[in-house]
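What follows is a short report on a single structure.
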Amino acid sequence: MEFEMGQQAADLRADLRRLVSDTVPEHFLGAFTDDPADLETAQRFCRTLAERNLLCMAWPEEFGGRGASVWEQTVVREEMWAHHEPRGAQYMGVNWVGPIIMRHGTPEQQRRHLPPIANGDVIWCQGFSEPEAGSDLASLRTTARRAEDGSAGWLVSGQKIWTSYATMAQWCFLLARTSRIGDGATQKKQQGLTIFLVPMDDPAIQVRPIRSMMGPHHLNEVFFDDLRVTDADVLGTVDAGWSIVQDVMSFERVGIARYARCERLLAAAPTVLGGRWDGLSDELRARWVRMLTHCRRARLMAYRVVALQSSGQIRPGDAAAYRIAVTKLDQDSAEVLMDLAAEVRHDDLRAAWFLAEVDDHWKYSQASTVSSGSIEMQRILLSRALLAAAR
C-alpha cells in the first residue's frame with residue numbers, strides 16, 4: 001500500500017530529519033526526564049521550529065501558521081513522535097488546544113492564546129480526569145460556582161489527577177461542573193459542564209507530582225481551592241462544555257502519530273542486530289513482520305481521520321477505531337522489540353541507542369491503554385458509532 005504524499009512532503013520530511021539530527025542531542029529520549037537540560041532542549045527546539053514556521057504549519061496565517069496542508073502537518077507529527085517528540089509538551093497546544101480555541105474561542109481569547117502557542121512560548125495542560133472520574137469523565141466533581149460578590153466571576157474548587165505537564169505548564173484547559181444535575185435543563189451528567197482557560201501560576205492552584213516509571217512531569221495531581229475565574233475565561237458557552245470535550249478527544253486521539261516511532265524502531269532492528277538477525281527464530285521474525293503490517297494499518301486509519309477533520313468533520317467513532325489500533329500496536333510492538341533487544345550484544349556501543357529507545361517505548365506502552373481515554377471506553381464509543389450508523 002502506497003503512503004507517499006508527494007515530493008513537497010518528502011522534502012519536508014528530509015528537512016525535519018536534518019533539523020533533528022543537527023539540533024537535538026543524539027541520546028535525547030524526550031523532555032520529561034530527571035535532567036532539566038532535556039526540557040530546555042525541547043523548548044529551544046520548539047522555538048527553532050516556530051522561527052522556521054514549521055511548528056503550526058497547517059494553522060491559518062492569521063493565527064500564526066502558514067496555511068499549509070494537513071498532510072504537511074501530519075509529516076511534522078510523524079517525524080516528531082518518531083524522534084521522541086523533541087517539541088516536548090508543545091504538541092498539546094499545537095494539535096488540539098490551538099485548533100479548539102480557533103473553533104470555539106472569542107476573538108479576544110484567540111488573540112491572547114494563539115500567538116504564544118504558534119511561537120513555541122507556552123505549555124498547556126489538560127484538567128479533565130479526576131480520582132472518581134477518569135473514563136467516566138462526565139461524573140467529575142470539580143465545581144465552578146458563581147461568586148457571591150456580584151462580579152461576573154466564578155470560584156473553582158476540586159481536584160484533577162493524572163495531569164500531564166502540570167508542573168511546567170503556564171495554562172490549563174479546565175473542565176468543571178457549573179450546574180448540578182437536576183437543576184433546570186441539566187438532566188444528564190454530560191450537561192452543565194463548562195471549559196475554563198486558567199493560568200497555572202494562580203496561588204489557588206497547587207500541583208503535586210506523581211512519580212512513575214514514565215519519569216517526572218508526566219503525572220500530577222492538581223488542586224483548586226476557590227480559584228477565581230471570570231466569564232472571559234469561559235471557552236464556548238456556559239454549561240455546554242461537553243460538545244467541546246468531544247472535539248478535544250477527536251483531535252487528541254489522532255494528534256500523536258505513535259505508529260511512526262513503532263515503525264522506526266522495528267525498521268532499525270535488522271541493522272542493529274547485524275549478523276545475528278539471520279539466526280533469529282522464524283516465529284520472532286514473523287511477529288516482527290506482523291508488527292510492521294500493523295504500523296501500516298494504524299497509519300492508514302490515522303490518515304482517514306485526518307482527511308475527515310480537514311473537511312470539517314469530527315467523527316468520534318473513527319478516532320476511537322484509530323486509538324484502539326494504535327494502542328494495541330504500542331503494546332504488541334513493545335513486546336516484539338523487547339524480544340529483539342534481548343538478542344542485541346549489550347557490549348555493542350552502536351546498539352546502545354536502540355536498547356535505550358526500546359526500553360523507553362516499552363515503559364510508555366504500559367500506560368497507553370488508559371491515557372487519552374481507556375481502550376475500553378474507545379470500544380464503547382466505536383460500538384455506539386457503529387450501532388448508530390446501522391439504524
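The values are calculated or read from the model by the stated rules, or taken from the named source; none is laboratory data. Being a predicted model, the structure only gives us computed values, none of them experimental. Note that each Cβ is placed from the backbone with ideal geometry, even for glycine, and that neighbours are counted across all protein chains shown.
Checking Ala302 against (1) of a type in the set (A, V, I, L, M, F, W, C); (2) modelled with pLDDT of 95 or more; (3) crowded, with 21+ Cβ neighbours inside 10 Å, which test does it fail?
(2)
Counting just the residues of the range 148-160 that are surrounded by 15 or more Cβ atoms within 10 Å (Cβ to Cβ) and either of a type in the set (Phe, Trp, Tyr) or modelled with pLDDT under 95 (or both), which one comes out nearest to the chain's Cα centre (by Cα)?
Trp154
Can you say whether Gln126 is among the polar types (S, T, N, Q), surrounded by fewer than 22 Cβ atoms within 10 Å (Cβ to Cβ) and in contact with a Phe, Trp or Tyr (Cβ under 8 Å, 6 or more places away or on another chain), as far as the supplied structure shows?
no
Can you find even one residue in the range 262-271 that is in a helix (DSSP H, G or I), under 19 Å from the mean Cα position of the chain (by Cα), at pLDDT below 90 and not small (Gly, Ala, Ser)?
no
Does at least one position in the range 263-282 carry a residue that is assigned by TED's automatic domain parsing to the domain that holds Met377 and touching a His at 6+ places or on another chain (Cβ under 9 Å)?
yes
Could you tell me how many of the residues in the range 124-147 are part of a strand (DSSP E or B) and at pLDDT below 90?
1
Consider Gly93 against the criteria (1) surrounded by fewer than 21 Cβ atoms within 10 Å (Cβ to Cβ); (2) at pLDDT 90 or above; (3) touching a helix residue (DSSP H, G or I) at 6+ places or on another chain (Cβ under 6 Å); (4) of a type in the set (Gly, Ala, Ser): it satisfies all of them except one. Which criterion is unmet?
(1)
Quick check on this structure: which one of Phe224, Phe251 is at pLDDT 95 or above, aromatic (Phe, Trp, Tyr) and farther than 30 Å from Asp347 by Cβ?
Within the list Phe224, Phe251, the selection yields Phe224.
Since Ser21 meets every condition but one in (1) part of a helix (DSSP H, G or I); (2) surrounded by 15 or more Cβ atoms within 10 Å (Cβ to Cβ), which condition does it not meet?
(2)
Filter the range 63-91 for residues that are closer than 20 Å to Arg258 by Cβ and in contact with an Asp or Glu (Cβ under 8 Å, 6 or more places away or on another chain) and give the result.
Across the range 63-91, the qualifying residues are Ala82, His84, Tyr91.
Of all residues in the range 217-237, which are crowded, with 17+ Cβ neighbours inside 10 Å, on the phi < 0 side of the Ramachandran plot and of a type outside the set (S, T, N, Q)?
His218, Leu219, Glu221, Val222, Phe224, Leu227, Val229, Asp233, Val234, Leu235
For the range 254-261, does any single residue satisfy the condition of being of a type in the set (Ser, Thr, Tyr) and not in a loop (DSSP other than H, G, I, E, B)?
Within the range 254-261, one or more residues are of a type in the set (Ser, Thr, Tyr) and not in a loop (DSSP other than H, G, I, E, B).
In this structure, does Gly317 turn out to be in a loop (DSSP other than H, G, I, E, B), outside the structural domain of Gly93 (by TED's automatic domain parsing) and under 28 Å from the mean Cα position of the chain (by Cα)?
Answer is no for this residue.
Residue by residue through the range 98-121, note down the ones that are more than 14 Å from Cys46 (Cβ to Cβ) and either among the hydrophobic types (A, V, I, L, M, F, W, C) or part of a loop (DSSP other than H, G, I, E, B) (or both).
Across the range 98-121, the qualifying residues are Ile100, Ile101, Met102, Gly105, Thr106, Leu114.
When you scan the range 166-186, how many residues do you find that are part of a loop (DSSP other than H, G, I, E, B) and either among the hydrophobic types (A, V, I, L, M, F, W, C) or touching a His at 6+ places or on another chain (Cβ under 6 Å) (or both)?
Residues flagged as part of a loop (DSSP other than H, G, I, E, B) and either among the hydrophobic types (A, V, I, L, M, F, W, C) or touching a His at 6+ places or on another chain (Cβ under 6 Å) (or both) within the range 166-186 amount to 6.
Could you check the range 57-97 and list, in sequence order, the residues that are assigned to a helix (DSSP H, G or I) and of a type in the set (Phe, Trp, Tyr)?
If the condition is that a residue be assigned to a helix (DSSP H, G or I) and of a type in the set (Phe, Trp, Tyr), then Phe63, Trp71, Trp81, Tyr91, Trp96 are the ones that fit.
Go through the range 174-191 residue by residue and tally those that are at pLDDT below 95 and either hydroxyl-bearing (Ser, Thr, Tyr) or surrounded by 13 or more Cβ atoms within 10 Å (Cβ to Cβ) (or both).
Summing the residues that are at pLDDT below 95 and either hydroxyl-bearing (Ser, Thr, Tyr) or surrounded by 13 or more Cβ atoms within 10 Å (Cβ to Cβ) (or both) in the range 174-191 gives 6.
Can you tell me which residues in the range 60-76 are crowded, with 22+ Cβ neighbours inside 10 Å and in contact with a helix residue (DSSP H, G or I) (Cβ under 7 Å, 6 or more places away or on another chain)?
Thr74, Val75, Val76
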